[in-house]
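A.B. asks: My questions all concern the structure below.
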Amino acid sequence: MSLISQNVAVVSSIEKVMEENTLSPSSPPRNADASDVDKSGLDTSRAKKRKKEHKIEDKQLVKEQKEMMKLENFLFGSLYSPVEFGKDEEQNGFNSEEKTPALYIMDRSADHSLSAYEDDYGLLDESTNKEEHQQRKPVWVDEEEEKATVNITNVSRLRKLRKEEHENSISGSEYVSRLRAQHAKINPGTEWAQLDAQSRGDDDLSSDDENAVALAGGYDNVDSIDDILRTSEKLVVKSGGKLMPGLLGYSRLVDANAEEPSNGPINSVQFHRNSQLLLATGLDRKLRFFQIDGKRNTKIQSIFLEDCPIRKASFLPDGSQVIIAGRRKFFYSLDLVKAKVDKIGPLVGREEKSLEAFEISPDSSTIAFMGNEGYILLVSTKTKELIGTLKMNGTVRSLAFADDGRQLLSSGGDGQIYHWDLRTRTCIHKAVDEGCINGTALCTSPNGLFAAGSNSGIVNIYNRQEFLGGKKKPLKAIENLTTKVDFLKFNHDAQILAICSRMKQSSLKLIHIPSFTIFSNWPPPKKNLQYPSCLDFSPEGGYMAVGNAAGKVLLYKLHHYHHA
């Protein structure tokens, strides 16, 4: 017999029972005499009992009928109502026979045992609980804690751990648990920081609210936001914020070369990319390295070059070598890894008597030397050989790389600024520096600015893209120096520009670039910088080193920047 035919039989039996129940109360009562009173009372109680039993049987039959319908729908599809999507089980399977049944059934034939689905679901809950319990277990447990005993009455601070007045000694594990409880009592934690805390309010939020929270935080789900709220770290780590104009916060530290000052003027100072190593060199032919900490500034090593008074020395941006040059036909290369000094030159095909001025590209691939008669000599840092030349109309006095080493800026005796494309070795732009007769210094910044200094002491600040587009008017002309500009330097975030002249004492100014104003408290009013000759900022802006003609390297801490 099929399941459908069985279902028909059950329905017919239910209808017979319902007819009997409806006919029995409507039948006319017979005339009872006095002798039948007791019997009628007994019959009435029996009828009530029988009626109650019939009701129980009816309920059981209806329940079995629903289960059979669920089974038929599960096996043969929706026989009684079409399938509906997006509704809960309470609306689709339990309130009415005309609605869609549940996706699984209860098998009552096996003494009310769980179905396979419910059994699996229970096992899943148990495994989940076990995993959560395992996650809360400590990573490491000291087995000696159980064996050890701690006397909590000897130390007055431990007496608060007692639970009873006469308690003296407790086990090690109990001691640890009480300490933790005391710590939690003194330092109550926030609820959102608990790892086992569940997001209790998530169920109350609507889907729109959850999406709004997720989109506002930039995350795909709310759980990722909870992960962020469990840590006190900054979402965006910055070395420093916006530098304000007016007054510059700084402090004087121990001189960078205090352990071994130079016997001649300092011509070059530069920080290594690791911010802890500083080189200082001058005309005494010594190259000195110092470890900068702001307190002792320990000297690490010094190298003496007998035949070369050093005019300039510079690290390669990758930190692997130091290029050293003077008023000679050759230059030196110091390999910091191998601790080896190589003498290079004269360059093949060139007759320059001095290679004292040069610049190194940001990608550490090219060295640009200033040659004779407006020539710029390009030398490879790997082979140390001449790989090309560039020719200006006037003499070349200053160089600066831009665009990550793909372009080169130059200026000189004709008062014009040249832009060179090093990939094609051609001049892509040439324009006059406003008010300049003889250019003496150039410097570029990471954010697209460049500064040009002249022998009149005027420093013009340009936007490089606007200058290439034909705009010849500078963003700002700085007129605070009255003698030739010898040195220009931007700091790492281009908020400070240092301009320097060697012709006058304390002739060193610091410019606030966002407002194009001078810091009024620099140079220090009661401190003499002597004749400043060079300057460098540390990679993160925390230190500033100033070399002067007295052979000292003055070290300052800039308070706005928190890292060296």
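A.B. asks: Leaving out ligands, DNA and RNA but keeping every protein chain, what accessible area does D363 have, in Å² rounded to the nearest 10, with a 1.4 Å probe?
C.D. replies: Solvent-accessible area, nearest 10 Å²: 80 Å².
A.B. asks: Roughly how many percent of the accessible protein surface of the stretch 339-457 is carbon and sulfur, given a 1.4 Å probe and a whole-percent answer?
C.D. replies: Accessible surface attributable to carbon and sulfur in the stretch 339-457 totals 46 percent.
A.B. asks: Give me the one-decimal nm value for the distance between modelled label points at N521 and V62, 7 Å along each residue's Cα-to-Cβ direction.
C.D. replies: With each label point 7 Å from Cα toward Cβ, the separation is 8.8 nm.
A.B. asks: Contour minus end-to-end for A148 and K391, with contour as 0.36 nm per residue of separation and end-to-end as the Cα-Cα distance?
C.D. replies: 79.0 nm is the gain from fully extending A148 to K391.
A.B. asks: Of P309, T281, Q291, which is farthest on the positive side of the dipole of the stretch 251-322, counting Cα position, with +1 on Lys and Arg Cβ, -1 on Asp and Glu Cβ, and the Cα centre as origin?
C.D. replies: Q291
A.B. asks: Still on this structure, please answer the following. Between their Cα atoms, which of K471/K527; K472/K526; K489/K526; K242/K526; K295/K526; K329/K382 are more than 31 Å away from each other?
C.D. replies: Correct reply: K471/K527; K472/K526.
A.B. asks: While we're looking at this one, here's another question. What is the sum of charges, Lys and Arg at +1 and Asp and Glu at -1, for the other residues whose Cβ falls under 12 Å from the Cβ of G172? All intermediate terms of the calculation are to be shown ahead of the outcome.
C.D. replies: Numbers: positive: K147, R178; negative: D142, E143, E144, E145, E146, E174.
Within the 12 Å Cβ shell, the charges total -4.
A.B. asks: Here's another thing I want to ask about it. Heads up, I need the accessible area for V141: 1.4 angstrom probe, whole protein in place, Å², nearest 10.
C.D. replies: Counting only protein heavy atoms, the figure is 100 Å².
A.B. asks: Can you give the charge dipole size of the stretch 294-346 about its Cα centre, rounded to the nearest 20 debye, using +1 on the beta carbon of Lys and Arg and -1 on the beta carbon of Asp and Glu?
C.D. replies: Details: 11 positive and 5 negative charges, 50 e Å.
Dipole of the stretch 294-346, to the nearest 20 debye: 240 debye.
A.B. asks: Compare I360, I323, I387, I186 by solvent-accessible area with a 1.4 Å probe and give them largest first, with all protein chains kept in place.
C.D. replies: Of I360, I323, I387, I186, the descending order of accessible area is I186, I387, I360, I323.
A.B. asks: Tell me the per residue accessible area of the stretch 445-564 using a 1.4 Å probe; a whole number in Å² is fine. Intermediate values should be presented prior to the final figure.
C.D. replies: Details: 4750 Å² over 120 residues.
The answer is 40 Å² per residue.
A.B. asks: Once ligands and nucleic acids are excluded and a 1.4 Å probe is used, how much of T366 is accessible, expressed in Å² to the nearest 10?
C.D. replies: Answer for T366: close to 20 Å² accessible.
A.B. asks: If you don't mind, there's one more thing I want to ask. Pick out, in residue order, every one of the chymotrypsin sites (Phe, Trp or Tyr not before Pro) in the stretch 261-354 that is DSSP loop and has at most 16 other C-beta atoms within 10 Å; say none if there are none. Intermediate results must be reported in sequence, preceding the final value.
C.D. replies: Numbers: sites: F271, F289, F290, F304, F315, F330, F331, Y332; in loops: F330.
Loop-located and lightly packed - F330.
A.B. asks: Which whole-number percent is the relative contact order of the stretch 478-564 (Cα, under 8 Å, 6+ apart)?
C.D. replies: 20
A.B. asks: Can you give the FRET efficiency to the nearest 0.05 for S169 and K137, using r as the Cβ-Cβ distance and R₀ = 25 Å?
C.D. replies: Between S169 and K137 the formula returns 0.40.
A.B. asks: Keeping every protein chain present and rolling a 1.4 Å probe, give me the accessible area per residue for the stretch 249-353 in Å². Before the final figure, lay out the partial values.
C.D. replies: Working: 5140 Å² over 105 residues.
With all protein chains present, the stretch 249-353 gives 49 Å² per residue.
A.B. asks: Find how many whole Å separate the alpha carbon centroid of the stretch 487-557 from the alpha carbon centroid of the stretch 308-365.
C.D. replies: Using only Cα atoms to place each centre, the spacing works out to 25 Å.
A.B. asks: Okay, next question. Using the alpha-carbon centroid of each, what span in Å lies between the stretch 45-69 and the stretch 419-442?
C.D. replies: If we compute the Cα centre of each part, the gap is 103 Å.
The values are calculated or read from the model by the stated rules, or taken from the named source; none is laboratory data. Every value quoted in this text rests on a predicted model; they were computed, and no experiment measured them. With ideal geometry, Cβ positions are generated from the backbone for all residues, glycine too; neighbour counts draw on all protein chains shown. Side chains are part of the model used for accessible areas, which takes the heavy atoms of the whole protein and leaves out ligands, DNA and RNA. Shrake-Rupley method; radii C 1.70, N 1.55, O 1.52, S 1.80 Å.
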